[in-house]
């Protein structure tokens with residue numbers, strides 16, 4: 001068991017979860033996923049990020065065993081509670097910390113099937129919004145989530161927590177421009193949630209292969225809009241002036257899933 005607070009294991013993990021961790025994650029192709037739920041998804045699925053090793057406290061090991069998770073093929077490292085606290089980015093660690101590999105996802109391998117539904121996040125900055133949108137995309141059966149250059153790192157600790165395990169269920173492509181998407185899929189129908197939208201979401205019918213575009217929380221997506229993009233709005237009967245980005249995106253995805 002690792003008990004020293006000067007262990008290089010702590011430095012390794014802290015580098016991946018620090019405020020500058022996006023550089024470390026990019027260079028080493030690793031990210032941190034904390035808690036039982038993420039461990040369960042990471043160990044259970046055959047696709048998505050693979051677990052490289054797991055740090056466990058004695059209580060964390062008990063949780064893993066009680067959940068019936070098989071870690072026999074994974075390097076398991078026992079650590080003391082103080083060491084786990086030093087590693088963790090949460091206030092109350094569950095005693096389970098997985099080091100996962102980001103892996104490589106080639107956008108050129110993405111295929112359309114005539115009813116493909118994609119989500120594009122343009123310069124989204126809030127990790128809670130990004131993670132919640134990916135979680136909703138998983139629930140609604142969205143085929144892939146794509147982020148633009150300049151968007152929040154989808155493998156940062158806050159985003160990973162907000163996905164609640166859905167990171168392992170939805171194909172994710174990061175740093176892709178809308179121009180690249182249009183070049184690869186010129187037939188793709190584009191819709192964008194916009195404050196200037198003139199088409200009600202509920203008026204959309206039979207979109208076929210489509211991509212829903214969501215813009216930066218403060219600046220929106222005006223710079224992305226052209227004649228090929230249908231600007232839509234969500235009809236609201238109540239008095240609220242607007243919706244949180246993740247709430248609005250979830251409504252759009254729910255509607256798209258039914259088409």
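All of 62, 98, 80 fail the test of being more than 24 Å from the chain's Cα centre (by Cα) and in contact (Cβ under 8 Å) with a residue 60 or more places away in the chain, apart from 80. Quick one: would you say residue 46 is outside the structural domain of residue 153 (by TED's automatic domain parsing) and over 25 Å from the mean Cα position of the chain (by Cα)? Judged against the criteria, residue 46 is not a match. Answer with yes or no whether residue 40 is assigned to a helix (DSSP H, G or I) and under 18 Å from the mean Cα position of the chain (by Cα). In short, yes. Taken as a whole, the condition of being free of Cβ contacts under 8 Å to residues at least 40 places away in the same chain and touching a helix residue (DSSP H, G or I) at 6+ places or on another chain (Cβ under 9 Å) applies to residue 148. Residues that are under 24 Å from the mean Cα position of the chain (by Cα), without any contact (Cβ under 8 Å) to a residue 12 or more places away in the chain and either more than 15 Å from residue 157 (Cβ to Cβ) or not assigned by TED's automatic domain parsing to the domain that holds residue 185 (or both) do not occur anywhere in the range 69-76. For the range 223-233, the count of residues that are under 19 Å from residue 128 (Cα atoms) and either at pLDDT 95 or above or in contact with a strand residue (DSSP E or B) (Cβ under 9 Å, 6 or more places away or on another chain) (or both) is zero. Assessment of the range 118-131 against the conditions (in a strand (DSSP E or B), over 14 Å from residue 246 (Cα atoms) and not assigned by TED's automatic domain parsing to the domain that holds residue 53) yields at least one matching residue.
Residue-wise test of (1) within 11 Å of the chain's Cα centre (by Cα); (2) surrounded by 17 or more Cβ atoms within 10 Å (Cβ to Cβ); (3) without any contact (Cβ under 8 Å) to a residue 40 or more places away in the chain.
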position	(1), (2), (3)
107	no, no, no
114	no, no, no
118	no, yes, no
121	yes, yes, no
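The condition of being surrounded by fewer than 18 Cβ atoms within 10 Å (Cβ to Cβ), assigned to a loop (DSSP other than H, G, I, E, B) and in contact with a helix residue (DSSP H, G or I) (Cβ under 8 Å, 6 or more places away or on another chain) holds for residue 235. Residues in the range 179-196 that are more than 17 Å from residue 146 (Cβ to Cβ) and either at pLDDT 95 or above or buried (at least 16 other Cβ atoms within 10 Å of the Cβ) (or both): 194 only. Restricted to the range 197-219, and to residues there that are under 17 Å from the mean Cα position of the chain (by Cα) and assigned to a loop (DSSP other than H, G, I, E, B), the residue that is surrounded by the most Cβ atoms within 10 Å (Cβ to Cβ) is 215.
The values are calculated or read from the model by the stated rules, or taken from the named source; none is laboratory data. For clarity, every value in this text was computed on a predicted model and none was experimentally measured. Positions of Cβ are generated from backbone atoms using ideal geometry, with glycine treated the same way; all protein chains shown enter the neighbour counts.
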